[in-house]
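The values are calculated or read from the model by the stated rules, or taken from the named source; none is laboratory data. Computed from a prediction, not measured in an experiment: that's the story for all the values here. Cβ: placed from backbone, ideal geometry, glycine included. Neighbour counts: every protein chain shown. The area values use the complete protein model at the heavy-atom level, side chains included, leaving out ligands, DNA and RNA. Shrake-Rupley method; radii C 1.70, N 1.55, O 1.52, S 1.80 Å.
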Amino acid sequence: MAWIYQIIKKIIKQFAYMFPAHAVVFVLTWFGVGPSPIPILSFFNLPFIYILVRKSPTLINFPLLLALVFGAALAHNEPTTSPMESYFENFSILTIVGLSIAIFTLVPMILTKFITIKINQRWKYFTHNVNSRLIFPVIWTGSWSLFRRYSPLGSWGDWSYTIDNSGYTGDPIVQIASIGGLSAINLFLALWMQVISDFFILRHRIEKSNRNIVLDEETRLIPHQISDNDDNIKIYKKDLSTNYYLRAGMVIAILSCFVIGGERLNHIENNVDHIPTEIVGCVIPSYTTSYKEMLKKTVTLVTNYQAKIVLWSESAVALRNQSEYNEFLNEAYYHTYKYKFYLGLTYTIPDDQKKKNMLTFIGNNNETLFEYQKTHPVPLVESYSTVSGPGHLSLVNIQLPKKEKDQPKEYNNLNVSGAICLDMDFPELLGQAAGANLVLSPAQTWSARVGLQHLRMSSVRAIENGYWILRCDGDGASGLIDPYGRVRHVQIASNDHINMFSWEMPLVEEKIETYYASYGEFLVWAVFVLLGICELAWYLSWTHAEEEMNSYVGTAKEFIESWQKWMEEKYDAIFDREELLLSEQQSLI
């Protein structure tokens, strides 16, 4: 029982001494993640969390874990009259979300700390080597890549989404997802965490060491040798100077992201291009809507608003058996053939002891273009009652007639695919539809607040693969997302009646190609491999030719310092000249 007492004692101490820090993490997480984050908070919160993990006397910091769990849970809560009232209504779901975010955040940090401790026990000065700064970015990026593949929640909880990409303008930093997906954004965040946490920890160590030296200098009449403390200051100051260049590199990286992202976001249609458009729409059912009513409202959307592609929200109707399905499908065929439009039908149908959650896309010629079964049912909410699909996305070509008058009848060719709700949070799955121009995304989110977050998360799939996304979300946020991840339109559904939304979508037949669509996360991992090779070559060269390597390092350092000195001289010269001109003007007056 003694070990239990020791654990409880440590937890109480951590709560007592570190409560302000954990409270800050709780608040920053509450307002920095979730459906409507304050984007800049993650750039403060993540380095702060990493500092607390690195400075914690134990590997597992339970108070920090709790702060993250409750902060992330409340961030995804739907506030009504009282935040805590609505929290307890969705306690199980919110706890799963909060716990997954907390665990996925802390595991890479704790793993890095454990590995660093073990290596440092063998090589005392390993942590003072600049190469040691690469361990955490690699572990963080690799861990999140594995989480996205094997977690039942996919990319839910990924800190990449805290960089807010909502709105028509988009965000330049998120555009690097077109190069390396979420892994590229995670690598960027990990480098930021490493550099900033190093800076604050080194500053603290130097100040602490300086305070100890001041105490020694009060007895300077007593002869003493240079202490270990003096040596530590020299090492810390050297590390801090290295950190200065790394911080400068981060500034360059941020500016590069803005340049690349800004260039992509400059691509937008204008009136000069004369780009044809087509109307797409959503039909969202109420709680007690039959499929006949849904078809009737769909026809209204087609006839009154000239929609050519219509999608229903997830599980719009519940079919009882195969015969009802055949009747339902035949009636849908009749309407699409009569009014010449394409329709995405969503329904559930029994399958042995469970049910299947389906999306069936039908054409205007009495044909089924593809059937898709939801691959990832929501854990604990659907998984016990819904059969998982095979995980294969279809890709079909459709033709929409052009609207030009007095011209021979021509068509716009579009490749269309589709996935259901949570499936959109699995980048590798949606990569199967990389050749699509349009992805249909029916969904059923439990609240408008979380629906807005899911819409924003789905927008990253558009950036990664360069396609439009038509999202129709019952109880959540429906919208239209362009290939650069910009949310062109968004609409919140109402539960008391059938909702109909329609939007105009530019029809650009030329597919937007992205590096991620072609190579996935290959570029990010290729960078890691290249860094590993460079580090190995550096180590071998240093081992066998230390003097020569010191010469190279010294030469490079002198070159950088000479350029820095030249910049400072030019800077001073500019100001000196301005002051001289000002004094001459004053003398003339």
Can you compute 3J(HN,Hα) from phi for each residue in the stretch 430-442, using the Karplus curve 6.51 cos²θ - 1.76 cosθ + 1.60 with θ = phi - 60°, rounded to whole Hz and x for Gly and Pro? 6, x, 5, 9, 4, x, 7, 8, 9, 10, 8, 9, x
Rounded to the nearest 10 Å², what accessible area does S518 show when all protein chains are kept and the probe is 1.4 Å? 80
Once you have the Cα-Cα distance between I103 and M250, take 0.36 nm times their residue separation minus that, and quote the gain in nm to one decimal. 50.2 nm
How long is the gain from C534 to Q121 if the chain were fully straight, where each residue apart is worth 0.36 nm and the alpha carbon distance is subtracted? 146.3 nm
With every protein chain in place, the stretch 278-519: carbon and sulfur % of accessible area (1.4 Å): 47
Heavy-atom surface of the stretch 278-519, accessible at 1.4 Å and reported per residue (Å²): 40
Can you list residues whose amide H is under 5 Å from V378's amide H, if they're 5+ apart or on another chain and H is modeled 1.01 Å from N? S383
Label-point gap, in nm, between K354 and F44 - each point 7 angstrom along Cα→Cβ: 4.4
Gain on full stretching of the segment that runs from N232 to T277 - 0.36 nm per residue minus C-alpha separation: 9.5 nm
Non-local amide H neighbours of E278 (under 5 Å, H modeled in plane, Pro and chain starts lacking H): which ones? M505, L507
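With every protein chain kept in the model, how would you rank R133, R122, R456 by accessible area, 1.4 Å probe, largest at the top?
Working: R133 35, R122 180, R456 10 Å².
Order by accessible area, largest first: R122, R133, R456.
Holding the Cα-Cα limit at 18 Å, pick out from K55/K118; K113/K238; K308/K356; K55/K234; K340/K402; K297/K338 the pairs that are longer than that.
Details: K55/K118 16 Å; K113/K238 22 Å; K308/K356 27 Å; K55/K234 21 Å; K340/K402 13 Å; K297/K338 15 Å.
Listed pairs above 18 Å: K113/K238; K308/K356; K55/K234.
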Simple spin-label estimate for E207/T368, 7 Å along Cα→Cβ, in nm, reads 6.8
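Per the Cauchy relation, a quarter of the hull surface: what is the mean projected area of the convex hull of the alpha carbons in the stretch 284-442, in nm²? Walk me through the numbers on the way to the answer.
On the way: hull surface 40.6 nm².
About 10.1 nm², averaged over all directions.
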